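The values are calculated or read from the model by the stated rules, or taken from the named source; none is laboratory data. Since this is a predicted model, take the numbers as computed values, not measurements. Positions of Cβ are generated from backbone atoms using ideal geometry, with glycine treated the same way; all protein chains shown enter the neighbour counts. Accessible surface areas use protein heavy atoms only, side chains included; no ligands, DNA or RNA. Shrake-Rupley method; radii C 1.70, N 1.55, O 1.52, S 1.80 Å.
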Amino acid sequence: MSSSPASPSSPENSISEAEKLIHRYDGDEQMIFCHGDHRQEADNYLHAVDEIQRSLESCAVASSSSGDRNKLKVSIEIAMARLEDEFKNLLNTHTKFIETDWLIDLNSSINSRNSISSRRGVGEEFTDDPQDYSEEFELQNSLSFDSGNGEPEVGESGSHSRTGSRSSTSYRSTSSIREIDLIPAEAINDLRSIAERMISAGYIRECLQVYTGIRKLAIESNFHHLKVENLSIGEVQRLKWDVVEEKIKKWIRAANICVRILFASEKKLCEQIFEGFEGFEGEDCDADEACFYDTVKGFAVQVLNFADAVSIGDRTPHKLFKILDLHDSLSQLIPDIEEVFDSNLSEGIPVHASEILSRLADAARGMLIEFENLVIREPSQIPVPGGTIHPLTRYVMNYISLISDYKETLVKLIVSKPVIVLVPSDPIASEMELQDSDNKSPLALHLVWIILNLHHNLDVKSQYYKDPSLPHLFLMNNIRYIVTKVKKGSAELQEMIGDSYLKKLSGKVRQSALAYQRSTLGRLLDCLRDEGLHVTGSFSSGVSKTLLRERFKSFNALFGDVHRSQVTWSVPDLQLREELRIALSETLIPAYRSFLGRFRGQIENGRHPELYIKYSVEDIENAVLDFFESHQHSLQSKRSR
């Protein structure tokens, strides 16, 4: 019995027409999915694929001959090859380079609204006063006096009106994340339609391979223009620190762009094309999750590897603030990393980021402890000229000042008090015990501990001066600098150091100033005393002219020596310098005026009075004004006759 011919609308006829359409485009290099005049052809092609796929899955086909089924399978294979090419062409055609400047501007607008820090700026190095490095002095044990002058990289908020490639790109904002449209909506519809047919036919691997291959090239291009380098941990650790500092600044900017814009947008694109489609057989993830993870995993690891390399480097103290910049940036970024990489498949990325954050925190804690130890151990024995502020003092106080700028972070990281062995006879340990009783935070106690050890180190260094007055001047200058630096510092720094300890330090400034005055004026005032000048005997009584002449000569020589040395000494604090000159004058000038008034006549009635009365009161007054100018002055006598 022969079969009846197929009617025009029968399934067999529809399948036949679909096969003819599929085969007609086999080998045709002209792309179907190119919009415009070919829109209907693309729709017809997809309809043909659907017809054949339904036929393969239907019961009617199941009862057909194996030859019919093989014929349909061949048609599907041809169609899948064609759709793979179309898929690839669509991706290549619509994958455009994203302008780097625009990405930076967009990231800056995010940062300006989401910044949690009001300190000097992420990535900024601390600076010192202009004269800080005037002396050629180099600390051992890795303390560095080099300073930078970085500027905070702060983005400007507000609307953007630039045109060009950006004008056709839209984005949506979710907290810190900005998802931009990487491919136009029309092309996405076609890509999704093709992906649906390929995945349905069992060609998910081929579809995802094409997609990930092209999108990886796009990300790689963006990484290149953002200067995101693919450095191994070993390569990073072999770089000089000043190079690493610059890379940290660039990393902070690039990492924000990568996570909040590029990776987030790649995820959005995967969802637009693959959401709702099943993933690989036997794997507990959907197609969009598998596609996104495979596309960006390597790049995410590349970004995190740099921070990882820095976190496990050596713990030299001067690296602390760049480590904190890196820590804070990653800390702010982790919620976004968790949001972007939120599937079971990609959960290792947020975990890895959190582990790096923990290592950066450990590194910061270790650097602070190492800094404390270096302040204690700093061994230089060469006195700084003129008793001025020691470079160690400047470095330590600028370091502490910058620590206060990072208080918000460090109070969370520094949770243990300084390790101190309390010895009853040790004044430093005893002072720390008193400070601890004030209920200071662990961070504040560390800062006080650093200052206490700095003070102790300065006490030791003061003993290297040979002039008996200079150790007191040296301590006065340096402790005054510590007090001033705290008082003029941030409110956070003043709060952590505390008023009570500042008052104690101010008291030590006064003690050192008085000790300096006693040491400087003591021998001069001894020359101006009446004791020892009066003689009694069988033939005469009264003041001995010989002893009086010797007393004037001693004063002249001694004051000349004091002037010669102390005009080269330094008191950088202008107020303190003036107070010292006034204190010296108020004590020395009246004593000299009185002595000169009592005994001047006896000297001038003798021979060569100019050899003994070398200075007038005005000479002494002017000479004291020369003190602490840090350079040599000759002492000119203006004695009136």
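Things to note:
- When the residues R54, R598 are ordered by accessible surface, computed with a 1.4 Å probe over the protein chains alone, the sequence from largest down reads R54, R598.
- For segment 494-567, the solvent-accessible area of protein heavy atoms averages 53 Å² per residue (probe radius 1.4 Å; ligands and nucleic acids excluded).
- Rounded percent of accessible protein surface that carbon and sulfur make up, segment 186-244, 1.4 Å probe: 47 percent
- For E629, distant residues with modelled amide H under 5 Å away: W569
- Of the residues K461, K407, the one with the largest accessible area comes first in the ranking K407, K461, computed with a 1.4 Å probe on protein heavy atoms.
- Along its first, second and third principal axes, ordered by size, segment 476-558 spans 76, 22, 11 Å in Cα coordinates.
- For T546 and K503, the FRET efficiency from 1/(1 + (r/R0)^6), where r spans their Cβ atoms and R0 equals 41 Å, is about 0.20.
- Contour minus Cα-Cα distance for L558 and D362 (0.36 nm per residue): 64.8 nm
- Using Cβ point charges alone (K and R +1, D and E -1), the dipole size of segment 272-365 about the Cα centre works out to roughly 1060 debye.
- Extension gain, D43 to Q30, is 3.1 nm, computed as 0.36 nm per intervening residue step minus the present C-alpha separation.
- Förster-model FRET efficiency, 41 Å R0, I312 and I214, C-beta, rounded to 0.05: 0.70
- Of the GluC sites (Glu not before Pro) in segment 273-355, the ones in a loop by DSSP (not H, G, I, E or B) with at most 10 other beta carbons within 10 Å are E281.
- Sequence of H563, H352 when ordered by accessible area, the most exposed leading, probe 1.4 angstrom: H352, H563
- Heavy atoms of I582 accessible to a 1.4 Å probe, total area in Å² rounded to 10: 80 Å²
- T295 - accessible surface, heavy atoms, 1.4 Å probe, Å² rounded to 10: 0 Å²
- Largest-first principal axis extents, alpha carbons of segment 182-287, Å: 55, 31, 19
- For the pair K240 and E610, label points projected 7 Å from Cα toward Cβ lie 6.3 nm apart.
- Accessible-area value, V243, 1.4 Å probe, nucleic acids and ligands omitted, Å²: 60 Å²
- Looking at segment 328-399, the accessible area is 34 square angstrom per residue; that uses a 1.4 Å probe and ignores ligands, DNA and RNA.
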